[in-house]
Amino acid sequence: MKILAVDDDPMVLDLLKGSLPQAGYPDITTAESAAEAMEIIQTSERPFDCFLLDIQMPQMSGIELCDWIRYIPEYSEAPILMVTAMSDKAFINQAFAAGASDYVTKPF
């Protein structure tokens with residue numbers, strides 16, 4: 001399973017890069033911003049199977065990135081998990097409205 005994890009916190013990305021392979025998911029790509037993620041998605045030779053997106057990031061939120069990903073036909077059904085420290089229902093509802101499949105709260 002090819003996973004793209006997007007978070008502006010390098011420590012979270014390091015945690016995911018360390019723990020996901022141990023859980024049986026060795027093919028993980030990371031991005032520190034939505035803009036970097038968009039570039040990776042557009043240039044990837046093989047499509048991603050799953051996305052882990054931080055909700056609160058500068059310039060473009062994970063919710064906006066989720067919405068952008070959903071407009072790409074090959075990702076219309078791909079699992080998109082929002083990774084957030086936010087427990088406010090409004091953010092979670094916005095994420096689901098943008099096409100998120102589920103969410104995971106930080107800290108893990």
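What follows is calculated from the coordinates using simple rules that are stated; it is not laboratory data. This is a predicted model, so every value here is computed, not measured. Cβ coordinates were reconstructed from backbone atoms using ideal geometry, including for glycine residues, and neighbour counts include every protein chain displayed.
Residues of segment 4-52 that are touching a residue at least 24 places away in the same chain (Cβ under 8 Å) and at positive phi: none at all. Tallying residues that are more than 15 Å from Leu81 (Cα to Cα) and either β-branched (Val, Ile, Thr) or within 13 Å of the chain's Cα centre (by Cα) (or both) within segment 1-16 yields 2.
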